[in-house]
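Reading through the structure tokens given below for one structure.
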Amino acid sequence: MKQKALLSLAFYLNVFILFSLSGYKIYLALSAPDLTARHTWQIEQIETTTRDREMVRIAVIGEANNSIGVFERQIVEMLNSSNIDFVVSAGNAVSNGGEASYRSLLGSLSRLEKPFLLTPGNHEVSDFGSNRFYQRFGPYFYSLSVGKTTLVFLDGTGRSSATWQERWLADLLNSKSDRQIIVFVGQPLLQPLAEPLFKPDEGIWSAPEDQARLLALFRLLGVDVVISAGASVFSDQIHDGIRFITTGGGGGLILNNETSFYHFLELKVDGKGIAVDVVKIDTAPSLPLRWLESLWAFVYSLFYVHFLNFLLIFSVFAITGIYLFNVLFAEQDYYPAYNAPPLSHLGRPLRVVMMTNNYLPFIGGVPISVERLKRGLEAHGHSVLLVCPSYGMDTPDSTILRVPVLFSTRGWIRIANPFLTQTRRKVEAFDPDIIHVHHPFWLGTLGRIMARRLNIPVIYTYHTRLEHYAHQIPLLSALFRNFIAHWLVRRFANRCDAVIVPTPVARDYMRLIGVVRPVHVQPTGIDLEAFEVPEGARLGKLRRELNPDGRLVFVTVSRLSPEKNVGFIIAAMARMKGLSPVPFRLLILGDGDERPRLVAATRAAGLEDTVCFLGNVKETLISEYLALCDIFVFASRSETQGMVVLEAMAAGLPVIAVDSSGVDAFVENDVTGYRTQEDIIQWTNSLAKLSLDRMLRKKFGANAKFAARKHSTSEFSTAVANLYEGLIMSRLHSGEPTLDLPVNSPAVLKGNAEVEFSRQDD
């Protein structure tokens, strides 16, 4: 109850935020900005009021950064109550050049009762802010006369030519050689004496040769003081008779030490000289308040000028609201109908649509599993329409619907187009009883949507550990491996009526990531008869070609990709050379992008005569190759079942494998082979033990063959068909998707599928 109350609060808060954001966006859009160039009349006002003054007081502020707590609420109030004549920003009065930052600055300045002049800093021109500066304040470089002092404002941002400004400065000051000169530039021309928290701003005079040229011009023209911002410190130094001041305490991030503190400068200018006083701000806002100020400025910027950002944020809250609404207000029945009347069979063959993102001729565990299920269902009289990508060399088959691809990646990977209307029409015309999807995206998503549209059950087989393919996702591999992959599986599985997994470990994984739908353990079956290969002329010829010297033969069947870990096996073979006196040969059946690297590793280890890369082998011929061999080796870490391991066992081969999900369900230590950690020493020691003991190999091989008999294609397809029927009949009884099947469902009573029901206790 507490959880639901919190979710309700979150929902209504979310609705409030959505309405607030919408209203605030409308307000910002309707309130027109003031584009008056303020420096035009402010300079005129300053020169008029100070023309006959013996002393002029100027406040100089650097790094205000749209601060509310320091600049607006404290400095502005202090200046209003002082005898300051006008205020100068030495640079970075705004946090960035966005429209929102300029509007926020104008809001703060509206409370200031003194004229205000800006020096363009890097913040003023960022985010396309140079045009906003020009519209609201005026030119980037300018000058004015205050009594017997000339104030010069330079543009160090690069928006104005350095050469042009230097010529203008020389012409300006040569005519005023008898006056005091104060120069304002937004970036420090000299390195501040104090070490700032962040690197000082750089400008067009930051390069040593450019800096030296400008300083030489300052000496020639008799500049007295140069004041800059660009760093959150106070620094005061003399260089070649010129005073250089860096002031950065107007409201930005401050360390609160002897050199980094909140402050502004008070300049007292008369005909005798320029006096500079540092006015400290003793009551700075707390760190949480400064964080809130920064957050508010960020939010303000998002919703005023960056409309795309507004849409993204709005969409996040909208999706969150929809999710919370479904959680809170959509009725869900967590109690299975255990007392429902017994289900009867449909009394007719089923019509099944299967949808997969890869299929033959692509070689892999999923296509083979799908093909075996299809053949098994058809052998029992059921009708199957298989929807899969087109590979451009497809054999016409009325039972297979090849979908054109949007694009293809390296190798055989095809991304089928799930948006084609004709695909949906053909699925609807097939009039399926159930849809079986084999991937949680692309065609799998289309299958789930079609099932909902047709009001029929949808079942999902979890074939692939997506997290082990994170290396194929650029930039986001860690995020995909640790979060996205599991989120995809959980979200998709919970939108299906049931899930099939090949092993109990995979079932446990489903529960751990939060899948609440029924999970059925059903390994993919194999054609046991295909692995009964008698000795014959063809087998003898193959033996002479691949093992003419009668060595002990190891074999692995795998796609050559990183997640299959074939490199581990090759490294282990190098150690086996010095570990076992028995001569051996390794046959590698399969191909992939990793082959060039693996061939190079084989050569580097001196194993050219030991390791044979045979490439892709037709599924129908794999049994013949297995019949030549003595031990099956395997090191993959990405299996949900490890079907090739089961096939090797059906061929009577003991197995040496790396311990991982999909393998532990079939390989039993000291019975059918050995499972070890991904450790070359442990793995090769186990392999050497089997290599040296012929009787042990024979015993383990017989045990493996016996264990494989439980997983025939016929029993596999029968169990899956019974599961289909149970889901269909359960839906017919309830009229809606079910979370669980009744305990007397044929899916539970027949076949060898293991079912785990999800229950929720009070």
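Here are a few things to note about the model shown:
- Residues in the range 110-142 that a label on Val279 would reach, taking backbone N under 11 Å of a point 7 Å out along Cα→Cβ: none
- Rounded to the nearest 0.05, the FRET efficiency derived from the C-beta distance between Glu668 and Phe198 at R0 = 56 Å is 0.35.
- Stokes-Einstein diffusion coefficient of the range 514-586, Kirkwood radius over Cα pairs, 25 °C, 0.890 mPa s, in µm²/s: 149
- With viscosity 1.002 mPa s and temperature 20 °C, the Kirkwood radius over alpha carbon pairs of the range 38-285 converts through Stokes-Einstein to a diffusion coefficient of 121 µm²/s.
- Extension gain (nm, one decimal) between Gln45 and Val533, 0.36 nm per residue minus Cα-Cα: 165.4 nm
- Backbone phi angles across the range 249-255, fed through the Karplus curve with coefficients 6.51, -1.76 and 1.60 (θ = phi - 60°), yield HN-Hα couplings of x, x, x, x, 6, 10, 8 Hz in residue order; Gly and Pro are listed as x.
- When the trypsin sites (Lys or Arg not before Pro) in the range 203-278 are filtered for DSSP coil states and for at most 11 other beta-carbon atoms within 10 Å of their beta-carbon, the remaining sites are Lys272.
- Taking each residue as 0.36 nm, the span from Leu406 to Tyr391 lengthens on full extension beyond its C-alpha to C-alpha distance by 4.2 nm.
- Of the chymotrypsin sites (Phe, Trp or Tyr not before Pro) found in the range 87-163, those in coil by DSSP whose Cβ has at most 14 other Cβ atoms within 10 Å are Phe128.
- For Trp683, Trp205, Trp164, Trp442, order by how many other beta-carbon atoms lie within 10 Å, fewest first: Trp164, Trp442, Trp205, Trp683
- Distances between placed amide hydrogens fall under 5 Å for Gly673 paired with Val655, Glu668, all partners being 5 or more residues away or on another chain.
- Cα Rg, Dmax, the range 184-242, angstrom units: 11.3, 34
- Between Asn66 and Val94, Ser95, the built amide H atoms are under 5 Å apart, and every one of these is 5 or more places off in sequence or on another chain.
- The fewest-to-most ranking of Val555, Val405 by surrounding Cβ atoms within 10 Å reads Val405, Val555.
- Rounded to whole Hz, the Karplus (6.51, -1.76, 1.60) HN-Hα couplings of the range 508-516, x for glycine and proline: 4, 4, 4, 5, 5, 8, x, 6, 10
- Put a dot 7 Å past the Cα of Asp609, heading toward its Cβ, do the same for Leu732, and the two dots end up 6.8 nm apart.
- Each label point was placed 7 Å from the Cα along the Cα-to-Cβ direction; for Ala429 and Lys689 their separation is 6.0 nm.
- Residue-by-residue Karplus 3J(HN,Hα) for the range 93-101, coefficients 6.51, -1.76, 1.60, Hz, glycine and proline x: 6, 10, 6, 7, x, x, 4, 4, 5
- Proximity of backbone amide H atoms, modeled 1.01 Å from N, is registered between Met354 and Leu385, Leu386, Val387, His436 at under 5 Å, excluding neighbours fewer than 5 places apart on the same chain.
- Measuring r between the beta carbons of Glu77 and Gln211 and using R0 = 41 Å, the FRET efficiency lands at 0.60.
- Neighbour counting of Cβ atoms within 10 Å sorts the residues Thr246, Thr50, fewest neighbours leading, into Thr50, Thr246.
- Shape index of the range 528-710: Rg/Rh, with Rg the Cα radius of gyration and Rh the Kirkwood radius from the inverse mean 1/r over Cα pairs, equals 0.92.
- In terms of distances greater than 26 angstrom between alpha carbons, the cross-link table entries Lys374/Lys710; Lys148/Lys199; Lys541/Lys689; Lys114/Lys280; Lys426/Lys618 yield Lys148/Lys199; Lys541/Lys689; Lys426/Lys618.
- Put a dot 7 Å past the Cα of Gln422, heading toward its Cβ, do the same for Gln191, and the two dots end up 7.0 nm apart.
- Positive dipole terminus of the range 468-600, leading residue within Phe584, Ser558, Ala572 (C-beta point charges): Ala572
- Measuring r between the beta carbons of Ile415 and Ile449 and using R0 = 22 Å, the FRET efficiency lands at 0.80.
We did not get these values from a lab; they are worked out from the coordinates using the rules stated. For clarity, every value in this text was computed on a predicted model and none was experimentally measured. Neighbour counts are summed over all protein chains in view; Cβ atoms, including those assigned to glycine, are modelled from backbone coordinates with ideal geometry.
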